[in-house]
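A.B. asks: Quick one: this structure, given as structure tokens, is what I'll be asking you about.
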Amino acid sequence: MKLTRRNFIKFAGLAGLVGLTGTFTACSNNSSTATGVAEADELPPEEKAKVYFSKNIDAEHLIALYKKINSDITGKVGIKVHTGEHNAPNILPRKLVQALQAQIPNSAIIETNTLYGGARSTTERHRKILKANGWTFCPVDILDEEGDVNFPVKKGFHLHAVAMGSHLKNYNSILVLTHFKGHSMGGFGGSLKNIAIGCASGKVGKAQIHGEDWITGEVLMERLADSGKAICSHFGRNIAYINFLNRLSVDCDCIGAGASAPELPDLGILASTDIVAIDKASVDMIYNFPDERKYSLITRIESRGGLRQISAMEQHQMGTTNYELIEID
């Protein structure tokens, strides 16, 4: 079957598996071989992660949240955003991203090309979509424009290395700015998916993660965790995460204009220096929403085995699910 975005989405919709339940705990940036701080697998298991929250989705609160987590965001900064397919209705508000980026010296949005063909599969076409979608207010670095570079995975479930866009090695810090939503293969797309797939090179790294047979379910989630661990290990403390819980569609922004309309209302913004804590807190907010509007998104998460993302990161000791939610309002 020819690999196109349409076939990719169709295949993903047929490939849902029953999700896992049980305990999950949060990818902290407590690891770095470059800076000499503790490895990720040395994170004290009882350490509680801080996850900051605001119910207000505006530039003022976004910047305030960033200031809570930015102490180690230094040097050349890549802001990882899923910039979306053409006219994708649920992508992050460009004006909010612009306001935040203006606060971060020496920063650029970073993206990679897609594996599945279509409008973002080559750098030339990708740049046309970036312009059409309004990502014109700052530099946008397509990381795999000049190929890829291997990032090693320490004690990976399935992968020993993942090919990242080669430009990723040029950055000192990463801010992972994520539209949290459902996903046709991952169940949900949070901070892990944003870096694990979003920094992997389009033709090599993404193929390593998905496998020749387009792996689904638990194994895909474990491969996402492997890729995410490679990035966390590389950047150490110099990585932080912000999840927007708005426009909570069951579909990823890669679906484009055909993405399902959200059923849940906007819930707010979360920020942390711990990837597992922030994705766990985001999932918890969905599960704890007080009425039945949550069930379409929960079904999407569980039918794809999406909760395994969190337990796999916990097994990798990338952080802790033992988090404290701190509202800044």
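The values are calculated or read from the model by the stated rules, or taken from the named source; none is laboratory data. This one's a predicted model, so the numbers in the text were calculated from it and none came from an experiment. As a convention, Cβ positions derive from the backbone with ideal geometry for all residues, glycine included, and neighbour counts pool all protein chains shown.
A.B. asks: So residue 124 ticks every box in (1) under 19 Å from residue 193 (Cβ atoms); (2) among the charged types (D, E, K, R); (3) surrounded by fewer than 21 Cβ atoms within 10 Å (Cβ to Cβ) but one. Which box is left unticked?
C.D. replies: For residue 124, the exception is condition (1).
A.B. asks: In this structure, does residue 41 turn out to be modelled with pLDDT of 55 or more, out of contact with any strand residue (DSSP E or B) (no Cβ under 7 Å at 6 or more places or on another chain) and of a type in the set (D, E, K, R)?
C.D. replies: On the way: modelled with pLDDT of 55 or more: no; out of contact with any strand residue (DSSP E or B) (no Cβ under 7 Å at 6 or more places or on another chain): yes; of a type in the set (D, E, K, R): yes.
No; evaluated as a whole, the condition is false for this residue.
A.B. asks: How many of the residues in segment 302-313 are surrounded by 23 or more Cβ atoms within 10 Å (Cβ to Cβ) and part of a helix (DSSP H, G or I)?
C.D. replies: Selection size over segment 302-313: 5.
A.B. asks: Next question. Considering segment 246-292 alone, what residues qualify as being at pLDDT 95 or above, hydrophobic (A, V, I, L, M, F, W, C), under 30 Å from residue 118 (Cβ atoms) and not in a loop (DSSP other than H, G, I, E, B)?
C.D. replies: If the condition is that a residue be at pLDDT 95 or above, hydrophobic (A, V, I, L, M, F, W, C), under 30 Å from residue 118 (Cβ atoms) and not in a loop (DSSP other than H, G, I, E, B), then 269, 275, 278, 283, 286 are the ones that fit.
A.B. asks: Is it true that some residue in segment 136-148 is over 18 Å from the mean Cα position of the chain (by Cα) and outside any loop (DSSP other than H, G, I, E, B)?
C.D. replies: As a first pass, look at segment 136-148 and keep what is over 18 Å from the mean Cα position of the chain (by Cα): 136-139, 145-148.
After this cut, where a residue has to be outside any loop (DSSP other than H, G, I, E, B) as well, the list is 148.
Yes, segment 136-148 has at least one match.
A.B. asks: Separate question: Considering each of 108, 163 in turn, give the residue that is outside any loop (DSSP other than H, G, I, E, B), over 20 Å from residue 311 (Cα atoms) and out of contact with any Cys (no Cβ under 7 Å at 6 or more places or on another chain). Before the answer, list the steps.
C.D. replies: Working: 108 fails: out of contact with any Cys (no Cβ under 7 Å at 6 or more places or on another chain).
Going through 108, 163 in turn, the sole match is 163.
A.B. asks: Which of the following residues is within 23 Å of residue 98 (Cα to Cα) and among the acidic types (Asp, Glu): 266, 274, 213?
C.D. replies: On the way: 274 fails: within 23 Å of residue 98 (Cα to Cα); 213 fails: within 23 Å of residue 98 (Cα to Cα).
Of the residues listed, the single one that is within 23 Å of residue 98 (Cα to Cα) and among the acidic types (Asp, Glu) is 266.
A.B. asks: Could you tell me which numbered condition residue 319 fails, if it satisfies all but one of (1) among the small types (Gly, Ala, Ser); (2) closer than 22 Å to residue 242 by Cβ; (3) more than 18 Å from the chain's Cα centre (by Cα)?
C.D. replies: Just one mismatch for residue 319, condition (3).
A.B. asks: Continuing with this model, one more query. Might you let me know whether segment 286-296 holds any residue that is buried (at least 24 other Cβ atoms within 10 Å of the Cβ), basic (Lys, Arg) and either over 23 Å from residue 69 (Cβ atoms) or more than 20 Å from the chain's Cα centre (by Cα) (or both)?
C.D. replies: So in segment 286-296, the residues buried (at least 24 other Cβ atoms within 10 Å of the Cβ) come out as none.
Checking segment 286-296: not a single residue is buried (at least 24 other Cβ atoms within 10 Å of the Cβ), basic (Lys, Arg) and either over 23 Å from residue 69 (Cβ atoms) or more than 20 Å from the chain's Cα centre (by Cα) (or both).
A.B. asks: Scan segment 64-103 residue by residue and report those that are surrounded by fewer than 17 Cβ atoms within 10 Å (Cβ to Cβ) and either closer than 15 Å to residue 137 by Cβ or aromatic (Phe, Trp, Tyr) (or both).
C.D. replies: 94, 95, 98, 99, 102, 103
A.B. asks: Please state which of the following conditions residue 251 fails to meet, knowing it meets all the rest: (1) in contact with a Cys (Cβ under 9 Å, 6 or more places away or on another chain); (2) among the charged types (D, E, K, R); (3) surrounded by fewer than 24 Cβ atoms within 10 Å (Cβ to Cβ).
C.D. replies: (1)
A.B. asks: Here is a follow-up. Considering only residues of segment 314-329 that are in contact with an Asp or Glu (Cβ under 9 Å, 6 or more places away or on another chain) and in a strand (DSSP E or B), which is nearest to residue 62 (Cα to Cα)?
C.D. replies: In the first step, residues of segment 314-329 are kept if they are in contact with an Asp or Glu (Cβ under 9 Å, 6 or more places away or on another chain); the result is 315-323, 325.
This time we only want the ones that are in a strand (DSSP E or B), so: 323, 325.
On the way: 323: 20, 325: 16 Å.
Among those that are in contact with an Asp or Glu (Cβ under 9 Å, 6 or more places away or on another chain) and in a strand (DSSP E or B), it is 325.
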